[in-house]
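The values are calculated or read from the model by the stated rules, or taken from the named source; none is laboratory data. Keep in mind it's a predicted model, so treat the numbers as computed, not measured. Here Cβ is always computed from backbone atoms with ideal geometry, including for glycine, and neighbour counts include all displayed protein chains. Accessible surface is based on the protein model in full, side chains and every heavy atom, while ligands, DNA and RNA are left aside. Shrake-Rupley method; radii C 1.70, N 1.55, O 1.52, S 1.80 Å.
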Amino acid sequence: MTGCGKQKSQDESLEQCNSVYYWRTDLRLDSTERAFLSQYNINKVYCRYFDVVMNDDGTEPSPNATISFSDTLPAGIELIPTIYITEDCMHKPHKDLAKKIVDRILQMNETNDISNVREIQIDCDYTSKSRQTYYKFLEEVRNQLSSKKYQLSTTIRLHQLSMSAPPADYGVLMVYNTGNPLKWQERNPILDYRDVYPYLSRLDDYPLPLATAYPVYQWIRNIQNVRVEHTVEAEEILKVKHAMEKERPGLSRSIITYHLETDNINRYKPETYEEIYHH
């Protein structure tokens, strides 16, 4: 029983909140999206600011697909700048990368008059090959943020639960893109309970506080000239959510959906969103 108590207290360091990812290159909200933020009491928006990718000649990481801000978020909603870094950027250390990224985020906040920022999130699909470099990079980001009193979070994919925890204040467990895209005829590559099941036993022992992110998007691909649409059934999302929270009840505290867009809002009934965001 001690294990349960330990994890409960750990996740309780996270505030109880409902959040969304925003993953487009322009922050612009229509009336449906604004209504969604209000209806489900969304407290935080994890907003992708830019990607970091290796430059064309493969010598150093550089920013790509930077967001522009046509709109502002409704009052009272915290914005969390989120940076997606491709894994190959972490195959070796790059001098001053942490400083460049933090400086660029702070500059974007200033330029766009974004003031209520208290946290930065880094998203990287690190592997055993890139893990050490990535963790050292996160430590450097933390050092850059310490004078600002910012928190640092990072994404955790299911396969990363078997590794030591990264140096961050908390992790966001990404419960999507769980399957092998090549086996799409057998399983939904976005989310299938059978792909999540092997990882459930690792949840209770994972030492970092965890928020959880669930998919509400559709993935459309062209496979051998056939249009294939992957959409996760509401029942599958909820089945996975309930199984994970049974293993680690604290996972119900901080819930995120990926990602905010009118099509995604309309894909599921309000009752489904109520249940996803249920604490």
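Can you give me the P(r) profile for the range 170-220? Cα pairs, bins 5 angstrom wide beginning at 0, each as a whole percent.
All Cα pairs, binned at 5 Å, distribute as 4, 18, 26, 24, 15, 9, 4, 0 percent.
Beyond 16 Å, how much of the Cα-Cα pair distribution for the range 56-112 remains, as a whole percent?
Values: 854 of 1596 pairs.
More than 16 Å apart: 54 percent of the Cα pairs in the range 56-112.
If you add up the charges near M163, with Lys and Arg at +1 and Asp and Glu at -1, over every other residue whose beta carbon is less than 11 angstrom from its beta carbon, what do you get? Please report the intermediate quantities before stating the final value.
Numbers: positive: R131, R157, R202; negative: none.
Cβ neighbours under 11 Å give a net charge of +3.
Roll a 1.4 Å probe over the protein chains and send me the accessible area per residue for the chain in Å². Before the final figure, lay out the partial values.
On the way: 13450 Å² over 279 residues.
Per residue, the chain has an accessible area of 48 Å².
Rounding to the nearest 20 debye, state how big the charge dipole of the chain is about its Cα centre with +1 on each Lys and Arg Cβ and -1 on each Asp and Glu Cβ. Please list the in-between numbers first.
Values: 33 positive and 40 negative charges, 114 e Å.
With only Lys, Arg, Asp and Glu charged at Cβ, the dipole is about 540 debye.
State the extension gain, in nm to one decimal, for the chain segment bounded by D103 and H159, taking 0.36 nm per residue of separation less the distance between their alpha-carbons. Please list the in-between numbers first.
Numbers: separation 56, 0.36 × 56 = 20.16 nm, distance 3.09 nm.
Here the answer is 17.1 nm.
Spelling out what I want: for every residue of the range 268-279, take phi, set θ = phi - 60°, compute 6.51 cos²θ - 1.76 cosθ + 1.60 (Karplus), and round to whole Hz; glycine and proline get x.
Working through the residues one at a time gives 10, 5, x, 4, 5, 5, 4, 6, 4, 8, 6, 8 Hz.
In terms of modelled amide H atoms, which long-range or inter-chain residues lie less than 5 Å from the amide H of C47?
It is Y22, I80, T82, by chain and number.
With no solvent and one equal point scatterer per Cα, compute the Debye intensity ratio I(q)/I(0) for the range 93-212 at 0.16, 0.17, 0.23 Å⁻¹ and report its log10, rounded to two decimals.
-0.85, -0.92, -1.29
At R0 = 51 Å, how high is the FRET efficiency between V228 and D113 if r is their beta carbon distance? Nearest 0.05 is fine. Kindly include the intermediate steps, with their values, before the conclusion.
Working: r = 42 Å, r/R0 = 0.83.
With a Förster radius of 51 Å, E is 0.75.
Nearest-5 percent of antiparallel DSSP beta bridges in the chain? Write down the numbers at each step before the final one.
On the way: 10 of 49 bridges.
Rounded to the nearest five, the antiparallel share is 20 percent.
To the nearest 20 debye, what charge dipole does the range 1-147 have about its Cα centre, counting +1 at the Cβ of each Lys and Arg and -1 at the Cβ of each Asp and Glu? Working shown, then result.
Numbers: 17 positive and 23 negative charges, 89 e Å.
Roughly 420 debye for the range 1-147.
Tell me, in nm to one decimal, what length is gained between R34 and K148 on full extension, where the rule is 0.36 nm per residue of separation less the Cα-Cα distance? Mind showing how you got there, number by number?
Numbers: separation 114, 0.36 × 114 = 41.04 nm, distance 2.97 nm.
Full extension of this stretch gives 38.1 nm more.
Out of these labelled values of Cα Rg over 2.2 N^0.38 Å, (1) 0.99; (2) 0.94; (3) 1.07, which was calculated from the coordinates shown here?
(1)
Between the range 186-260 and the range 150-180, how many Å separate their Cα centres?
If you average the Cα positions of each part, the centres end up 13 Å apart.
Could you calculate the contour length gain from D204 to E60, that is, 0.36 nm times the residue separation minus the distance between their Cα atoms, to one decimal place in nm?
The D204-E60 span can extend by a further 48.0 nm.
Summing -39500 (n - 2.57) over the DSSP H runs of n ≥ 4 in the chain and dividing by its residue number, what mean residue ellipticity at 222 nm do you reach, to the nearest 500 deg cm²/dmol? Walk me through the numbers before you get to the answer.
Working: 9 runs with 85 residues, N = 279.
Rounded to the nearest 500, the figure is -9000 deg cm²/dmol.
For the range 1-121, which whole-number percentage of the solvent-accessible area (1.4 Å probe, protein heavy atoms only) is attributable to carbon and sulfur atoms? Spell out each step's value before the answer.
On the way: 2830 of 6000 Å².
Carbon with sulfur: 47 percent of the solvent-accessible area.
When the scattering of the range 149-279 is computed by the Debye formula from its Cα atoms alone, each counted once and equally, what is log10 I(q)/I(0) at q = 0.15, 0.18 Å⁻¹?
-0.74, -1.03
To the nearest 10 Å², what's R34's accessible area with a 1.4 Å probe?
80 Å²
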